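Here's the structure we're looking at; comments come further down.
The values are calculated or read from the model by the stated rules, or taken from the named source; none is laboratory data. All figures in this text were calculated on a predicted structure; none of them were measured in a lab. Using ideal geometry, Cβ is built from the backbone for each residue, glycine included, and neighbour counts are taken over all protein chains shown. Note: areas computed on protein heavy atoms with side chains; ligands, DNA, RNA excluded. Shrake-Rupley method; radii C 1.70, N 1.55, O 1.52, S 1.80 Å.
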Amino acid sequence: MFTDLIPAIIPNWINGEQSDAQSGRVFDKLSPHSGGKLFGASRSSAVDVEQAIQVARDAQPGWAGLGPVQRGEVLHTIAHLMRSYQDDIAGMVALETGMSFSAATGETAAAIAQGEFMAGEGRRFYGRTTTSAIPDKYASIIRQPMGVAGLIIAANTPIANIAWKVFPALICGNAVVLKAAEDTPATAWLFGLIAEEAGLPDGVLNIIQGLGEEAGAPLAASSGVDVISFTGSTAVGRRIAKTAGERLVKVSLELGGKNPLLVCDDADLDKAVNWTLLAAFSNAGQRCAAASRIIVFDAVYDQFRNSLVERARSLKLGPDDSDDLGPVINEKQLNNMLAVVERARQAGASISLGGHRLDDEAHAKGFYMAPTIIENVDPHDEISVTELFGPITCLYRARDFAQALHMANDSPYGLTAAIHTRSIHRATEFTRKIQAGVAVVNGGTHGSEPHMPFGGLKQSGNGSREPGPEALDVYSELKDIYINIDPGLV
Ligand code: NAD
């Protein structure tokens with residue numbers, strides 16, 4: 001198992017070699033389950049980032065020169081190796097995040113599927129040929145690499161977040177500098193090891209460990225980076241957009257959500273409760289797509305609410321496969337959530353379930369937040385408009401469909417949304433009018449499959465979509481080509 005080989009200090013990957021931060025500085029990675037130190041990680045700074053960018057610039061032309069089919073073959077090998085090491089990767093994800101091994105295995109499978117899909121894109125690297133208004137003139141469009149892609153990711157689903165960005169960036173012929181999430185350094189390190197074994201040329205994928213301000217900010221600011229792709233909070237996304245705006249570099253932002261799930265009076269209430277539990281609490285609510293605003297028709301509110309609270313009360317917390325959800329990723333995040341819940345309580349909210357940190361012997365040392373259901377809050381209160389990124393959801397009453405839809409859309413975010421109804425008319429009207437990048441009928445507020453574009457409106461993103469073939473638009477430049485011929489010379 002790779003987990004037995006984890007270095008005491010997780011290094012960077014630069015030019016195919018593992019190296020510590022030049023300053024020698026280190027930060028601690030703690031177990032979300034036990035609170036104990038797992039290992040250290042290199043605390044990189046601007047000098048390490050610049051070194052990685054330079055190496056990537058040097059390696060990129062050779063990688064681009066291979067062409068998309070050959071690049072796809074290397075990506076196939078990486079995905080294939082990931083499949084053979086699936087248990088090791090899942091073990092690492094579980095160790096670093098506190099999620100169960102089975103949940104981590106599911107996430108790893110999604111990351112592999114992403115690799116396989118993007119590898120196949122090497123043989124579908126479509127441009128376009130089209131017409132010209134001028135006789136004997138031929139017009140077409142091809143994709144070209146951008147250069148160096150600077151990728152910055154969150155820790156919530158670490159191997160999926162890596163796959164979502166690295167595979168499309170590579171298939172397009174870019175070299176990559178990936179800033180790993182500080183809460184999941186070893187998963188990124190392991191991905192580097194697998195890429196190395198797969199024969200990815202040195203310098204094409206460089207991985208920098210470190211903190212956001214110290215290692216992420218210099219990556220976004222560097223003139224050596226030609227495209228930035230960021231997955232994380234809206235607050236940091238805004239800062240990255242500012243930096244990108246100043247140097248007019250392309251940027252893709254996949255940000256937060258405050259996702260509504262509507263329960264209509266004609267819904268199958270058992271199924272709606274099941275989906276709400278999954279959408280609100282799986283991965284301890286640490287999903288950009290988590291359902292954090294449950295909008296329920298008055299007519300079924302009490303029945304739905306009672307069943308949801310009862311079912312959520314029996315959820316088991318812990319790191320094992322028999323548990324329903326694990327801890328949140330770090331203590332700071334836990335304390336932020338507790339503070340917002342406390343302010344809501346003081347403002348008159350009813351905490352119908354949870355609202356506190358687990359303090360029993362099995363959980364007290366870890367970062368466990370009890371599954372929390374909150375009622376009697378205004379749709380514009382802090383807790384209704386702030387992404388908490390934990391196992392906390394609020395219930396709201398709606399008179400009818402029109403009011404429920406209005407409440408769903410009355411949000412600074414627009415990432416995902418779901419409706420539970422048996423009416424095709426309501427379902428279709430919802431999918432047309434909801435302001436979200438993903439709309440789901442009779443399911444959870446979930447992310448997209450690897451071949452589908454994912455992204456959000458309003459403060460959930462800047463309009464880009466990853467993954468799916470649409471991710472190729474993030475990581476490539478389009479070039480128009482016009483060829484004029486002279487039939488007289490044939
Ligand atoms: P975060 O914004 O604090 O950190 C994300 C990454 O940005 C980390 O690698 C961090 O080191 C880095 N970072 C922090 N400050 C930086 C700076 N000034 N410059 C450059 N990089 C910096 O987010 P988080 O709390 O780690 O993750 C949770 C957030 O991610 C939530 O808002 C969640 O919704 C979002 N998320 C979005 C998606 C999506 O696809 N839309 C997917 C997963 C997570």
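Couple of notes before you dig in:
- For the stretch 370-458, the solvent-accessible area with a 1.4 angstrom probe is 41 square angstrom per residue.
- Each of G216, A417, A109 was placed along the dipole of the chain (beta-carbon charges, centred on the mean Cα), and the one lying farthest toward the positive end is A417.
- Alpha-carbon geometry of the stretch 259-441: the Rg and the Dmax are 15.7, 51 Å, given in that order.
- Accessible-area ranking of W164, W189, largest first, probe 1.4 Å: W164, W189
- For the stretch 56-127, size of Cβ-based charge dipole, Lys and Arg +1, Asp and Glu -1, in debye: 320 debye
- The stretch 259-441 - share of DSSP beta bridges that are antiparallel (%, nearest 5): 15 percent
- Annotation: peptides 378-384, 45-51, ranked by per-residue average of other Cβ atoms within 10 Å with the highest first, follow the order 45-51, 378-384.
- Compared with the dominant Cα axis of the chain, that is its longest principal axis, helix 101-121 is turned about 30°.
- Positive dipole terminus of the chain, leading residue within G444, Q333, A180 (C-beta point charges): G444
- You can think of it this way: the chain between K433 and D28 has 141.2 nm of extra reach, that is 0.36 nm per residue less the Cα-Cα gap.
- Remark: the D4-R128 segment gains 39.7 nm on full extension, using 0.36 nm per residue and subtracting the alpha carbon distance.
- Options P319, V225, G488, ranked by Cα towards positive dipole end of the chain, top entry (Cβ charges): G488
- Hypothetical label at R343: residues of the stretch 349-388 whose amide nitrogen lies under 13 Å (7 Å Cα-Cβ projection): 381-388
- C-alpha long axis of helix 424-433 to longest principal axis of the chain, angle in °: 60 degrees
- Share, in percent, of DSSP beta bridges within the chain that are antiparallel, nearest 5: 40 percent
- Using the Cβ-Cβ distance between E17 and E213 with R0 set to 30 Å, the FRET efficiency from 1/(1 + (r/R0)^6) comes to roughly 0.70.
- Listed by chain and number, the lysines placed with their C-alpha closer than 16 angstrom to that of K332 are K29, K37, K365; residues fewer than eight positions away on the same chain are left out.
- Residues R311 and E361, FRET efficiency given R0 of 30 Å [Cβ-Cβ distance, rounded to 0.05]: 0.75
- Taking each residue as 0.36 nm, the span from D302 to A46 lengthens on full extension beyond its C-alpha to C-alpha distance by 86.7 nm.
- Computed over the Cα atoms of the stretch 390-447, the ratio of the radius of gyration to the Kirkwood radius (Rg/Rh) comes to 0.93.
- Dipole magnitude of the chain, debye to nearest 20 (Cβ charges: Lys/Arg +1, Asp/Glu -1, about Cα centre): 1060 debye
- For K458, the lysines whose Cα comes closer than 20 Å to its Cα, not counting residues fewer than 8 places off in the same chain, are K242, K250, K258, K433.
- Computed in the context of the full set of protein chains, the accessible area of the chain at 1.4 Å probe radius has 52% of its extent on carbon or sulfur.
- Helix 331-346 axis, angle to the chain major axis (alpha carbon atoms, nearest 10°): 40 degrees
- Pairwise centroid distance, computed over Cα atoms, of the stretch 190-210 with the stretch 40-91, Å: 4 Å
- In terms of the mean number of neighbouring beta-carbon atoms within 10 Å, the peptides 22-33, 257-268 order highest first as 257-268, 22-33.
- Fraction of alpha-carbon pairs over 18 Å apart in the stretch 228-285 - percent: 54 percent
- An ellipsoid equivalent to the chain, defined through the eigenvalues of its Cα gyration tensor, has semi-axes of 39, 30, 19 Å when rounded to whole angstrom and sorted largest first.
- Mean Cβ neighbour count within 10 Å, used as a protection proxy, ranking 477-486, 298-307 highest first: 298-307, 477-486
- Cut-off 13 Å, label 7 Å out along Cα→Cβ of Y482, residues of the stretch 119-149 by amide N: 131-140
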